[in-house]
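Notes follow once the structure below has been shown.
What follows is calculated from the coordinates using simple rules that are stated; it is not laboratory data. A quick note: this is a predicted structure, and the numbers were derived from the prediction, not measured. FYI the Cβ positions are ideal-geometry reconstructions off the backbone, even for glycines, and counts take in every protein chain you see.
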Amino acid sequence: MQQTLRRETARLKQVTLAGQAGTITQTTPLRADQQAIYQALSIQPPPRISAFDPS
């Protein structure tokens, strides 16, 4: 169980993309297994978009 938790949560990534239109920081979409973990633990998952800075 602990290995599954570690593996699934490690797959969740946050990336920052920058271009002429600005910068955005987003989290990869949650997989079904990751969503189930967050629900089972009653934890709010990270937001899909955590920062947006238009140029």
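Of the residues in the stretch 14-55, how many are in contact with a strand residue (DSSP E or B) (Cβ under 9 Å, 6 or more places away or on another chain) and not basic (Lys, Arg)? Let's see the steps before the verdict.
Initial filter on the stretch 14-55 (in contact with a strand residue (DSSP E or B) (Cβ under 9 Å, 6 or more places away or on another chain)): 14-18, 21-28, 45-55.
Of the ones still in play, those that are also not basic (Lys, Arg) are 14-18, 21-28, 45-47, 49-55.
Of the residues in the stretch 14-55, 23 are in contact with a strand residue (DSSP E or B) (Cβ under 9 Å, 6 or more places away or on another chain) and not basic (Lys, Arg).
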Exercise for the section: Quick one: residue 30 ticks every box in (1) of a type outside the set (Asp, Glu); (2) out of contact with any helix residue (DSSP H, G or I) (no Cβ under 9 Å at 6 or more places or on another chain); (3) surrounded by 10 or more Cβ atoms within 10 Å (Cβ to Cβ) except a single one, so which number is it? Expected result: (2)
Practice task
Give me the pairs, please: first residue somewhere in the stretch 23-47 and under 20 Å from residue 2 (Cα atoms), second residue anywhere and surrounded by fewer than 10 Cβ atoms within 10 Å (Cβ to Cβ), beta-carbon distance under 9 Å, and either six or more positions apart or on two chains.
Solution key: 37/43; 38/44
